[in-house]
There are 2 protein chains.
Amino acid sequence: MRQSNKREPLSRERILRAALGVVDSEGLEAISMRRVGQELGVEAMSLYNHVANKAAILDGLFEIVLAEMPAATKAATWQVALRDNARALRLVLRAHPHTLPLFATRPAVTPASIIHVEAALELLRKAGFSADEALCTLQVMVAFVVGHTVAGYSPTRPEEESRPAYEQLSKQDFPRVHELVAVLARHDIEKEFEFGLEAMLAGLEARLTRRKASRKE
Amino acid sequence: MRQSNKREPLSRERILRAALGVVDSEGLEAISMRRVGQELGVEAMSLYNHVANKAAILDGLFEIVLAEMPAATKAATWQVALRDNARALRLVLRAHPHTLPLFATRPAVTPASIIHVEAALELLRKAGFSADEALCTLQVMVAFVVGHTVAGYSPTRPEEESRPAYEQLSKQDFPRVHELVAVLARHDIEKEFEFGLEAMLAGLEARLTRRKASRKE
DNA sequence: ATGATTGACTTACAACGTAAGCTTATGACG
DNA sequence: CGTCATAAGCTTACGTTGTAAGTCAATCAT
């Protein structure tokens, strides 16, 4: 009955990877200590030898997802670097949509992502941003990327109330909303992301040039 | 022993308000059917006469928080309107920081906020944005506001590992990160929000003028 | 060989969401 | 006034959860 061969020992690493597997295939609320243990052929309580508690597993999930982000390639300009980073972050988040709620609870910047932060800061500082501006820029970019990805890709459970209301109530009272119904059909959420990303970058660039101009006179 | 006087009857409204009270003072994970019932002097199961289940309560919380957003005042330009809306949304979210995780799971636009959406769309369309651009603009703004507020105001439980790492490891390996340590002390997250908001607005405005120019030639 | 350490398993408990059934107050209608 | 339907509360019960506490077998240093 018992797992016959000498099994490889448990570890934080293996636990997190098993947990990520469960979350990816069954959703965030599917993980319980017993479920993760079962995935590893182990009792729930055995996990406590390697992780402090369930919250620590969620923290770890957040961490290993973020660690999937590829190292930044050498970019020509800070604009390109920021854009690349934003897209890379979005891709990582989209790869594990069920973990997205985690990013709403935990601080976005973590030791795992510090390399990316350092690289981005370096470029921004050299481009002429002050330390504070560079910090703001990064935080604001992350906020946008995470915010937009969470909004668009959080797996919505099949609630039936919210959808139909649009077509019915809105014709005369909300003409502009009604107008969107047709648009929504062919609306591309990736285009929407790029739309926001470009706006953000353009705004940051404008700020930088204005800043340089005011310093020089 | 029993609650003596004829008590006023339960209702979805009362349940949600009680739940919001619990969440505001004790945090999101403090709400359980029994806890909310206790708040109203009622058994847990009685709540099921007015709400479908716990998820419905969370949906309702989301809803009544969003409903606190004040009606938009008549704004001079779409820029001012967007800025006002963004700040108003942020204020509402900040007023109930414990509910912020809810905004990561649920769709941002809800029947409760449709009036604001309609008003904003009207202004954007009149300013020259296409229907799709107006939709993108709104979604992107909401994503930024929610994303940034969640990142900055989600009540972080007192985890002790993440903080001290900064000062230690970063001096030579991460000089730019290290540079931030001093900045962080006097860093103002509201300024940071305004920084991002202005960048976003500037970028959107640039897009609009470019669009008008290209249509005219 | 022996003793300590590690890491698994077992048991147990309180709290959770909620299904099912029961009880009581309200109000319509003969 | 009596009857009875409906509504809205209460009670009990079940399965699942996170995890504290205790047990036991394997590994390893001496």
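The values are calculated or read from the model by the stated rules, or taken from the named source; none is laboratory data. Quick caveat: nothing in here was measured; it's all calculated off a predicted structure. We place every Cβ from the backbone using ideal geometry, glycine too, and count neighbours over all the protein chains shown.
Some notes on this structure:
- Looking only at residues in the range B:8-25 that are in a loop (DSSP other than H, G, I, E, B) and surrounded by fewer than 15 Cβ atoms within 10 Å (Cβ to Cβ), the one that is nearest to DNA strand D (Cβ to nearest atom) is B:9.
- Residue list for the range A:40-88, restricted to those being within 16 Å of DNA strand D (Cβ to nearest atom) and among the hydroxyl-bearing types (Ser, Thr, Tyr): A:46, A:48
- Meets criteria (away from DNA strand C (no atom under 16 Å from the Cβ) and either without any contact (Cβ under 8 Å) to a residue 12 or more places away in the chain or over 30 Å from residue A:127 (Cβ atoms) (or both)) for residue A:50: no
- Against the test of being within 16 Å of DNA strand C (Cβ to nearest atom), in contact with a helix residue (DSSP H, G or I) (Cβ under 9 Å, 6 or more places away or on another chain), under 18 Å from residue A:12 (Cα atoms) and modelled with pLDDT of 90 or more, the options A:39, A:68 yield a single qualifying residue, A:39.
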